[in-house]
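The values are calculated or read from the model by the stated rules, or taken from the named source; none is laboratory data. The structure presented is a predicted model; accordingly, all values stated were derived computationally and were not measured. Cβ placement follows ideal geometry from the backbone for every residue including glycine, while neighbour counts extend to all protein chains displayed.
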Amino acid sequence: MAIQKNPIVETTAISEPDAAGLETRDMMLNIGPAHPAMHGIIRIVAKLEGEQIEEADVQIGYLHRGFEKMSETVDYNGVVPYTDRLNYVSPLINNMGYCMAVEKLLGISVPERCHYVRVIMSEISRVSDHLTCVGATAMELGAFTVFLYMIKAREYLWELIEKVTGARLTITYCRVGGVKADLPEGFAEACSEAFKETRTVLEESNALLTRNRIFADRMNDTGAISAEDAIAYGITGPFLRATGAAYDVRKDCPYAVYDQIPFDVPVGTRGDNMDRYLVRMEEMEQSMRIVETALEQIPGGPVLVNPETGRPIPAAEMVDLAKVGDIGAISGGCAVTGPTLEGSGRLYYPSIATDEKRAFLPAKEDTYGNIEGLMQQFKLVMHGHGVRPPNGEAYFPVEGANGELGFYVVSDGAGNAYRVRVRPPCFAIMSALSTMLEGEMIADMIPTFGSVNMIGGELDR
Amino acid sequence: MNEYIGIAVMFLLAGGLAGLMVWLGSVLGKKNPTPEKLGPFECGQEPFSLPMGRLAVKFYLTAILFILFDVELVFLYPWAVLYRRLGYVGLVEMGVFLAILMVGYVYARDNGALDWK
Amino acid sequence: MQKDPSYFGQSEPSYFTSRLDEAIGWARKYSIFQYPFVTACCGMEYMAAACSHYDVDRFGAGLPRFSPRQADVLFVVGTISHKMAPVLKRIHEQMADPNWVVAFGVCTCTGGFYDNYATVMGIDTIMPVDVYIPGCPPRPEMVLDGLMKLQDKIQAQHTTGKRPEPEQRPDIF
Amino acid sequence: MDNDSLLASVTDRFPDAALASHTYRGDATLLLRPESLLSVARFLKEDAALQMNFLVDVTAVDYSTFGEGPGRAFFASSGVSVRPSEQIPDPDPWPGPQSEGRFAVVYHFYSMTHKHRLRLVVPAQEDEPEVDSLIPLWPAANWLEREVWDMFGIRFAGHPDLRRILMYEPFEGHPLRKDYPVNKRQPLIGPKN
């Protein structure tokens, strides 16, 4: 069995035996990959002095799946399913980050409504991420009820996401140059219901946790880090905002339509676990407020009653008609696709996709209806073609749930990306973890690691 | 004398039942000891150093303080049973007893025996 | 899953042993202590399946035990990388004897779409697996279906009969 | 402070260090000679006008097979040679990758006070690529450089413990290099499929 040796073992301090021939030796402990109290697979080799951690060597890489190597083998839109699995707790933010990086490289812009749809979906995804993080941290400190409540609230949000994208977790919703489908009808009402439930759960959890003596004792002044150290280690997101430095990519370098939506950024003072918990709880409220204002400000969707393209045809029937060449029957029709793909017909296209023909698939009606659509579809899906950005490189930062999530895309003009680099936010936080753990008790490691919100997929890629 | 018989029967029953279950478990259970299974579980890794009885001195100090105040607690039980009959005399005596031990507790706490660092 | 004795290479069972096996199978089936070996995105779906909305506790599998000593079923949830494989194998070997393994998610069944240098292409290459739950991640209903299939398998398994070794995958790469 | 004045302030201060500097898609980029990396980085961090106090990312790109002809088939096995669809027109074309050196170590900086970004590109040659480590200036570089070493095999002079971070010790080779095949596996246990 291959054991990964590391430097700490050689430096186990065996002091020379004193007068009575007794020697002191440090206790080396594996707080290892499959640890019950840690919802993430890292290995901490801790040199213990009784209950106190003297030195902690954090080892990661147990979920390295080669995202960057795989993204060089598939085409630009083929990388989107891999980006879901980076930060799999808030997958929509990764999709959006990657697609905006490639759009920046292509130099194309997305219609206003598509920006709003992306902002709405990524904010819902951020709320589900914070729910999972705070719930798991509370569970590890013994508050199992809060975990059950928060996962229940997350189920409501996942139903929302499933209504729009068709899947709960691995949604693959964004495309280079747009999104797969528009928001379905009645989305605003479903959203307000889900948020009402989520807000009741947040109030209950707040009542259960914030002034709870055990929770407060475990979370106050543990895992503290100062603002300068945090910036020096490259930490961003709720972790940095808890220390007092108010850096939020949505505010400092606004993208999509974040500059048109008023929201404020919660900032902590002490930078310990309790502040991170409070910042995350407040950010959930802010994200829900963003979604509500965005739903009010969103520009008009497709004009549903449209005499020219009013005739709905089931998609399967349209394909059969096209196969037998009966173009007349389907020209001017509007394909009715499955419930989760409601918003992907031609009516919706001008509002959710870029008008650059060489970057986005045509609507189904155009593919079967006319030759231009057919050529556009052919040119985009046959291998050797597809989305082909010019030679170049582009870095696009997005505010992920754990901090600044950046995608650096290099293209050499071929159909697949030459190099896709993900700047994972929790990588920087994990590099500072060992300094936060040293000197603390073993019991303090659990809330600290919980509030780091390490996501294996994003950390090890 | 006869109430002690009750206690003895209770101990016998409890001990017997527990022993029976442990014995049945060891007899009926399948034994398949492999070297990995006998090794300690340390999150799926080979442990660096088996503790072999090496403990930090601080554990010892905490344990002694616990025993001291636990024994003090044991004296309270009989006193609580006879609380009514002892009247004020008993109350004052137990108050003095507790005060003396409180002095010890305050001394230990101020000298930092309780906080770990 | 009909209870055919020859399924496990068992000679003709007497009346008594088959009734005892059925009772023991029933007892084991409804008290599954699972060890959730969670690594990746399937963990989110495992949380959803284990919590109150799609509760696995209705099937008696609600109590996750985080030590291999006290666990019967090893839920391998999420992608297993080559760096993680020895850890997983050691934990599987440290489990007490009547243990079962459930491969949760397509990354554990076949390696999923991570066909590269870092991923173990299916955990049945390093350990025997009882139930495969495909899906990336499998919906909670699929997880419950997989759990029911596991329960049928536990019910049909004879306490004395040695379970047949699942055949190793052919090395076709 | 906008990109051009940003680049200008650095190139004036270090005239010989900068090989090239351009702004592409709004990202100010500076190509540096490897030996002047530490001095420029210190200037970026300490200069009042720049104050790049946040090292966003350290990564590397292997330019060995850059631009082997646009439109080559995705799946080399199919070997189909097709006339590629024309690229999307690019108003300001990219001045192209660095001329010499196989690897490019790419640093991204950001200043939280002045809110501007900069990208430093340092070329590293083919055999025994070596670049100075930025740990004395930003502790964030510690793990980022370990990952670049693990994935590309670029050594960082002055790095306290340059170990593999994502892969396991017995793993030979550096997976993200272009000459490392995607599914060449080196399993610790289990069959070699």
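So for the stretch D:31-39 (the condition being part of a helix (DSSP H, G or I), of a type in the set (A, V, I, L, M, F, W, C) and at pLDDT 90 or above), does at least one residue qualify? Looking through the stretch D:31-39, at least one residue is part of a helix (DSSP H, G or I), of a type in the set (A, V, I, L, M, F, W, C) and at pLDDT 90 or above.
You will find that of D:191, D:136, D:170, the residue that is at the interface with chain A (Cβ under 10 Å from one of its Cβ atoms), surrounded by fewer than 19 Cβ atoms within 10 Å (Cβ to Cβ) and either modelled with pLDDT of 90 or more or part of a loop (DSSP other than H, G, I, E, B) (or both) is D:170 and no other. In this entry, residue D:163 passes the filter for residues that are at negative phi, surrounded by fewer than 21 Cβ atoms within 10 Å (Cβ to Cβ), at the interface with chain A (Cβ under 10 Å from one of its Cβ atoms) and touching a residue at least 12 places away in the same chain (Cβ under 8 Å).
Taken across the stretch A:73-91, residues that are surrounded by 24 or more Cβ atoms within 10 Å (Cβ to Cβ), in contact with a Gly (Cβ under 6 Å, 6 or more places away or on another chain) and farther than 30 Å from residue A:293 by Cα do not occur at all. The residue pairs whose first member lies in the stretch A:154-179 and is in contact (Cβ under 8 Å) with a residue 24 or more places away in the chain, whose second member is basic (Lys, Arg) and in a helix (DSSP H, G or I), and whose beta carbons are closer than 7 Å, counting only pairs six or more residues apart or on different chains, are A:174/A:118; A:179/A:118. Among the residues of the stretch B:107-117, those identified as surrounded by 10 or more Cβ atoms within 10 Å (Cβ to Cβ) and part of a helix (DSSP H, G or I) are B:107, B:108, B:109. If you go through the stretch D:151-167 and keep only what is closer than 30 Å to residue D:68 by Cα and in a loop (DSSP other than H, G, I, E, B), you end up with D:153, D:154, D:166, D:167. Considering B:62, B:34, the condition of being within 14 Å of chain A (Cβ to nearest Cβ), β-branched (Val, Ile, Thr) and surrounded by 11 or more Cβ atoms within 10 Å (Cβ to Cβ) is satisfied by B:62 alone.
One residue stands out among those in the stretch A:351-379 that are out of contact with any His (no Cβ under 8 Å at 6 or more places or on another chain) and more than 26 Å from residue A:112 (Cβ to Cβ): the one that is nearest to the other protein chains (Cβ to nearest Cβ), which is A:375.
Can you tell me which residue within the stretch A:380-402, out of those that are within 23 Å of the chain's Cα centre (by Cα) and facing chain D (nearest Cβ under 8 Å), is nearest to residue D:98 (Cα to Cα)? Ranking the qualifying residues of the stretch A:380-402, first place goes to A:393.
Counting only strands (runs of 3 or more DSSP E) that fall entirely inside the stretch A:368-460 and contain at least 2 residues that are acidic (Asp, Glu) and in contact with a helix residue (DSSP H, G or I) (Cβ under 9 Å, 6 or more places away or on another chain), the qualifying elements are A:392-399. Of all the listed residues (A:124, A:120, A:151), the sole one being in contact with a Cys (Cβ under 9 Å, 6 or more places away or on another chain) and without any contact (Cβ under 8 Å) to a residue 60 or more places away in the chain is A:151. Applying the selection to the stretch A:36-55, what residues are part of a strand (DSSP E or B), under 19 Å from residue C:39 (Cα atoms) and not β-branched (Val, Ile, Thr)? Scanning the stretch A:36-55 gives a single hit, A:43. Among the residues of the stretch A:405-430, those identified as facing chain D (nearest Cβ under 7 Å) and touching a Leu at 6+ places or on another chain (Cβ under 9 Å) are A:410, A:419, A:423, A:427, A:428.
Among the conditions (1) under 30 Å from residue A:412 (Cα atoms); (2) within 14 Å of chain B (Cβ to nearest Cβ), the only one that residue A:47 does not satisfy is (1).
Summed over the stretch C:52-86, residues that are buried (at least 22 other Cβ atoms within 10 Å of the Cβ) and facing chain A (nearest Cβ under 8 Å) total 6. Scanning the stretch A:319-332 for residues that are in a helix (DSSP H, G or I) and modelled with pLDDT of 80 or more, we see that the one that is surrounded by the fewest Cβ atoms within 10 Å (Cβ to Cβ) is A:323.
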